[in-house]
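Student: Have a look at this one before I ask anything.
The values are calculated or read from the model by the stated rules, or taken from the named source; none is laboratory data. On a predicted model such as this, the values are computed, not experimentally measured, just so you know. Here Cβ is always computed from backbone atoms with ideal geometry, including for glycine, and neighbour counts include all displayed protein chains. Heads up: the accessible areas ignore ligands, DNA and RNA and are worked out on the full protein's heavy atoms, side chains in. Shrake-Rupley method; radii C 1.70, N 1.55, O 1.52, S 1.80 Å.
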Amino acid sequence: MASLLAANPLIQVTPGLMIWTIVCFAATFYVLKRWAFGPIQAMIDERRARIRQALADADHARVEARRLLEEHRALIGQAREEAEEIRADVRRDAEKLRRQAREEVDADRQRRLEETKRQIEGETHRALAQIRQEVAELTLLAATKVTGKVLDSKDQRRLIDEAIESLDFSVLEEPSRN
């Protein structure tokens, strides 16, 4: 087995090759550190900073979104309250208008009833006066035919008054007063 290890050139210790490998490695490391690792590290740091900033912005946006959501909810609640107040005002106004309309209709109906009663009373009085007049004329006509003579105005008046007094007009006037 020892002979196999000595026969492999990769495993053999060659001091010159080792020194040159270390020198090349050190030179490559120096070049990479000076010109590659710095910019690569700067890009990594820059990317890390952008990620941190993006996370901070996302947190800020989340907080702002929550604030806006709460503000939106508050505005919706306020709008609902205002809508309810408006509905209540409209209901009160509608009820007030209904009440006013009812009162106006009742007042108009009462006024018309009173006017109709006055008209009925007036017509009743006119009808009674006309009936009295006709009764008086019929009484004169009957008296003239019964007596066979024409009465003078004094006799006519006395006869009319007696005929009217004997009639009971209170029965005709009574329904108009109810």
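Student: Got a number for carbon plus sulfur as a percent of the stretch 1-140's accessible area, 1.4 Å probe?
Tutor: Of all accessible area on the stretch 1-140, carbon and sulfur atoms account for 62 percent.
Student: Something else: I'd like the FRET efficiency for residue 72 and residue 52, computed as 1/(1 + (r/R0)^6) with the beta carbon distance as r and R0 of 30 Å, rounded to 0.05.
Tutor: Computed FRET efficiency for residue 72 and residue 52: 0.50.
Student: Then there is this: What order do 72, 60 take when sorted by accessible area (1.4 Å probe), most exposed first?
Tutor: The residues order as 60, 72, largest area first.
Student: Another question about this same structure. Just from its helices, what would the mean residue ellipticity at 222 nm be for the chain, if runs of 4 or more DSSP H residues each count -39500 (n - 2.57) and the sum is divided by every residue, rounded to the nearest 500 deg cm²/dmol?
Tutor: -31500 deg cm²/dmol, from helical runs alone.
Student: For residue 108 and residue 95 in the same chain, what is the full-extension length gain: residue separation times 0.36 nm, less their Cα-Cα distance, in nm?
Tutor: 2.7 nm
Student: In angstroms, what radius of gyration and Dmax does the chain have, counting Cα atoms only?
Tutor: 63.5, 192
Student: Leaving out ligands, DNA and RNA but keeping every protein chain, what accessible area does residue 113 have, in Å² rounded to the nearest 10, with a 1.4 Å probe?
Tutor: The accessible area comes out at roughly 80 Å².
Student: To the nearest 10 degrees, how steep is helix 153-166 against the longest Cα principal axis of the chain, on a 0 to 90 scale?
Tutor: 60
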